[in-house]
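Take a look at the structure set out below.
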Amino acid sequence: MNLHSPLAYFALMAIVLSLAALPWFRFLDEPQASGTRYATVDGLRGFLALGVFAFHVVVVRGFIETGRWEAPTDGFYSLLGPIGVSVFFMLTGFLFWGKLLRAQGRMRWTALYIGRLFRIGPMYLAVVLAMLGIVAWRSGFALHEPGNVVMASVLHWLALGMVDTQPDVNGIQASHILAGVTWTIAYEWAFYASLALSAVFARSRAHLLFVLAALTLCLAAKTLWKIDALGFAALFLMGMCVASLLHERVIPRLSDAASSSVALLCLAAIFATSRSGYGTWTGLALACVFYLVCCGTTLFGLLVATTSQRLGRISYSLYLMQGLVLTLVFAAPPLRAFALATAPGHWAVATLGACVLLLSAALGYALIEKPGIALGQRVTRRVHAWRARRSALGVAHRESA
């Protein structure tokens, strides 16, 4: 087996799924929420995060050998990471545009943004603080740059991903410790900010035409000007398009077996023919797969299995913590030497890292993510209660006057 063999990925996934199926992880099980929850979409999340992890397993090998942090240039793993990120962006567009459509463009914006702050912030801060601890250890707990430069870098990292920079800290390449994954969060924040502007179109029956027109313009501009940000914006718009289609009840009448077969054939075609994970045609083909999943395609039951739902529930922690785990696992001299000796050895160490990541992410979800979400809900209730009291006092004051 060579380093780039797809068999290594499937073996790693089988082991992680088997581990996640153990009774130890029952604390992650929650009753399926009714209404607007999509079980198949939830089940997809974990596979996306672990796909990005497998991509970084190959990147880390090259980094150890050459000192250069570079994506694989071709083959299965060159697509695996970008595909995971692309579908994550589609998923965000789908979920939040769907919320806007159901609310007819009249969102409770305070609740939305407070909820996002407490959903993204706690785990983000946890991994960044851990990264800063590793930076301090690697730099011998001494300053190697002026204090104001180090402080500016630290503040950039503590900005909850809103600043699209990943600066070195005290002369250490901090982004590599986190596998560079935090860059996507800046695009997520930009999308959330754009919702307030696009809300007016969610009030119209022409919401699908708006999304299609915006998507067409975005893809055309991306092709003409080669601007990556436009490509990422197009991915959010593809998810929004799927939400608009489902809102209008445009759902294919296919059996699960048929739709699962079509989805897998599309994925096979992407990996067989695509040269760029962020290419236009790759994105459109992925959008077709995503559309089928949002319509309830289970991939022959895989996405609704208990194990998949557990992985989906902790997908944010899986995504953010992968760099820390890879850094620590490959920093151990015996494991590093074993990994560098052979390709199977490298994937054995990577699989150990995936198991450690699973355990860490499960605990991160239970101890950081979930309490953070609950805290955000309490803050939202208090803000709304304060506004209600203030409004009532205003009415009483006007009546007394």
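The values are calculated or read from the model by the stated rules, or taken from the named source; none is laboratory data. Values in this document were obtained by computation on a predicted structure and should not be read as measured data. Neighbour counts are summed over all protein chains in view; Cβ atoms, including those assigned to glycine, are modelled from backbone coordinates with ideal geometry. Each accessible area value is taken on the protein alone, full model and side chains, heavy atoms only, with ligands, DNA and RNA left out. Shrake-Rupley method; radii C 1.70, N 1.55, O 1.52, S 1.80 Å.
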Spin-label point model (7 Å from Cα, Cβ direction): what's the residue 276 to residue 162 distance in nm?
3.2
Roughly how many Å² is the accessible area per residue of segment 217-368, as a whole number, for a 1.4 Å probe?
44
By how many nm would the segment from residue 257 to residue 284 lengthen if fully extended, with 0.36 nm per residue of separation less the alpha-carbon distance?
7.5 nm
Using a Gaussian network model on the chain with a 10 Å cutoff between Cα atoms, which of 155, 303, 19 fluctuates the most?
155
Taking all protein chains as present, what is the carbon and sulfur share of the accessible area of segment 94-179, in % to the nearest whole number, probe 1.4 Å?
63
About its Cα centre, how strong a charge dipole does segment 189-295 have in debye, to the nearest 20, once Lys and Arg get +1 and Asp and Glu get -1 at the Cβ?
180
Where a ≥ b ≥ c are the square roots of the eigenvalues of the C-alpha gyration tensor, would you call segment 1-108 rounded, which needs a/c under 1.5, or, failing that, prolate if a/b is larger than b/c, or oblate?
oblate
Along the positive direction of the dipole of the chain (beta-carbon charges: Lys, Arg +1; Asp, Glu -1; about the Cα centre), which of 135, 371, 201 reaches farthest?
201
Test of understanding: what is the full-extension gain from residue 248 to residue 29, defined as 0.36 nm times their sequence separation minus their Cα-Cα distance?
75.7 nm
On the protein heavy atoms, probe 1.4 angstrom, tell me the percent of accessible surface of segment 310-351 carried by carbon and sulfur.
78
What's the center-to-center distance, using Cα atoms, between segment 335-360 and segment 235-293 in Å?
32
What does the helix-only formula give at 222 nm for the chain: each DSSP H stretch with n ≥ 4 adding -39500 (n - 2.57), the total divided by the residues, and the result rounded to the nearest 500 deg cm²/dmol?
-25000 deg cm²/dmol
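Hey, got the dipole for segment 79-185? About the Cα centre, +1 on K and R Cβ, -1 on D and E Cβ, debye to the nearest 20? Can you show the working numbers first?
Details: 7 positive and 3 negative charges, 144 e Å.
Dipole size: approximately 700 debye.
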Determine how large the accessible area of residue 352 is when every protein chain is in place; take a 1.4 Å probe and give Å² rounded to the nearest 10.
80
Whole-Å distance, taken between Cα centres, linking segment 28-92 and segment 142-203
20
When P(r) over Cα pairs in 20 Å bins from 0, in percent is calculated directly from the model, which label among (i) 25, 48, 24, 3, 0; (ii) 29, 62, 10, 0; (iii) 25, 58, 16, 1, 0 fits?
(iii)
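Relative to the Cα centre, what is the charge dipole magnitude of the chain, using +1 at the beta carbon of each Lys and Arg, -1 at the beta carbon of each Asp and Glu, and rounding to the nearest 20 debye?
For the chain, the charge dipole is close to 1500 debye.
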Highest to lowest packing among 361-372, 76-87, scored as the average C-beta count within 10 Å:
76-87, 361-372
